[in-house]
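Undergrad: One structure is given below, represented as structure tokens, and several questions about it will come after.
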């Protein structure tokens, strides 16, 4: 300690005896922690989840979607009624303890049909979003990273697909494959991945010239590794948000196709087919139309709120 005081005195150009003793006295515990700042270390996903939980509307929407998924799985299994079981003695019955949402013109339980329709509508929505994510990310990533003539050729193909009306694809596919879930998925996916591909391409074009991508190339990383392990990973925030917003679009498209009579065929129950069946009796029994329409509306709103919450949680610039 004495040697250290002498060194300090030589630096300050003052005698060592003039240095106050409190300069070298031990600090109390309170003084040691007076400027102590503690922050818990978090990963990117942990930080995103913490920000997402602060958005109450998005969190409630997530809970609603989870409840809807569980109800769609278990209600048709444990219910005493089936989605296609007819009871001609209980046609157009109002809501009761026996039939929570009432029955339709064939005596079928509407509550069970709504939950069974949730299976089809949610399955189509999530499957279409996953396929669009897979195709759009790969296609857009390759276009943006390779560039040149290949990029120009592939993007002109995207422009051609985008210019053809989607309804034309739908009609042709239904004529060839019939009205089933595969046809609906193919019709939705055949052109809806274009927006994802364009977004991924724009993100990759802006990221591939940055230092981390150039450094990966210099140390010998392969092109697929740079694309999928460095570039795609760094634009996952907008990709996840866009994928979340694809789900309600696919659900609405399936419901619209079923409502106009070119979607999933009866007796299979989706929300669109139920709304189409109730259209003829809307003046006499409007609640038969309200239940499937309400299911579609609440599900789409919830998914949009989840997408907005994810956008704020995954993008620090939006906070």
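Undergrad: Has the range 127-138 got at least one residue that is within 17 Å of the chain's Cα centre (by Cα), farther than 26 Å from residue 180 by Cβ and either in the same structural domain as residue 271 (by TED's automatic domain parsing) or modelled with pLDDT of 85 or more (or both)?
TA: yes
Yes/no matrix, rows are residues, columns are (1) in contact with a helix residue (DSSP H, G or I) (Cβ under 6 Å, 6 or more places away or on another chain); (2) at negative phi:
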{"site": "91", "(1), (2)": "no, yes"}
{"site": "102", "(1), (2)": "yes, no"}
{"site": "111", "(1), (2)": "no, yes"}
{"site": "129", "(1), (2)": "yes, yes"}
{"site": "157", "(1), (2)": "no, yes"}
{"site": "160", "(1), (2)": "no, yes"}
{"site": "163", "(1), (2)": "no, yes"}
{"site": "200", "(1), (2)": "yes, yes"}
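Undergrad: Condition test on residue 76, is it at pLDDT below 85, in the same structural domain as residue 311 (by TED's automatic domain parsing) and closer than 22 Å to residue 296 by Cα?
TA: no
Undergrad: Next question, about the same structure. How do the pairs read when you match residues in the range 98-118 that are outside the structural domain of residue 77 (by TED's automatic domain parsing) and free of Cβ contacts under 8 Å to residues at least 40 places away in the same chain with residues anywhere that are assigned to a helix (DSSP H, G or I) and surrounded by fewer than 20 Cβ atoms within 10 Å (Cβ to Cβ), using Cβ under 6 Å and keeping only pairs 6 or more apart or on different chains?
TA: Every condition considered, no pair remains.
Undergrad: What tally of residues in the range 204-231 results from selecting those that are in contact (Cβ under 8 Å) with a residue 60 or more places away in the chain and within 24 Å of residue 242 (Cα to Cα)?
TA: Residues meeting the conditions: 7.
Undergrad: So which residues in the range 235-262 are over 17 Å from the mean Cα position of the chain (by Cα), surrounded by fewer than 18 Cβ atoms within 10 Å (Cβ to Cβ) and assigned to a helix (DSSP H, G or I)?
TA: 256
Undergrad: Whether any residue in the range 38-56 is closer than 28 Å to residue 286 by Cα, modelled with pLDDT of 85 or more and surrounded by 12 or more Cβ atoms within 10 Å (Cβ to Cβ) is what I want to check.
TA: no
Undergrad: Take the residues of the range 163-180 that are within 21 Å of residue 136 (Cβ to Cβ) and either surrounded by 14 or more Cβ atoms within 10 Å (Cβ to Cβ) or not assigned by TED's automatic domain parsing to the domain that holds residue 268 (or both): which is nearest to the chain's Cα centre (by Cα)?
TA: 166
Undergrad: I need every pair where a residue in the range 292-315 that is more than 24 Å from residue 275 (Cα to Cα) and assigned by TED's automatic domain parsing to the domain that holds residue 119 has its Cβ under 6 Å from the Cβ of a residue that is at pLDDT below 90 and not in a helix (DSSP H, G or I), sequence separation at least 6 or different chains.
TA: As it stands, the answer is 309/55, since those pairs meet every condition given.
Undergrad: Only one of (1) outside any helix (DSSP H, G or I); (2) modelled with pLDDT of 85 or more is not met by residue 281, so which one is it?
TA: (2) is the only condition that residue 281 fails.
Undergrad: So if I check each of 273, 299, which one is over 24 Å from the mean Cα position of the chain (by Cα) and within 14 Å of residue 114 (Cα to Cα)?
TA: That would be 273, the only listed residue that is over 24 Å from the mean Cα position of the chain (by Cα) and within 14 Å of residue 114 (Cα to Cα).
Undergrad: Here's something else I'd like to know. Listed residues 89, 155; which is at pLDDT below 85 and more than 23 Å from residue 255 (Cβ to Cβ)?
TA: 89
Undergrad: Then there's this: Confirm whether residue 115 is in contact with a helix residue (DSSP H, G or I) (Cβ under 7 Å, 6 or more places away or on another chain), closer than 26 Å to residue 308 by Cβ and part of a helix (DSSP H, G or I).
TA: Answer is no for this residue.
The values are calculated or read from the model by the stated rules, or taken from the named source; none is laboratory data. For clarity, every value in this text was computed on a predicted model and none was experimentally measured. Quick reminder, even Gly has a Cβ in these numbers, built from the backbone with ideal geometry, and neighbours come from all protein chains shown.
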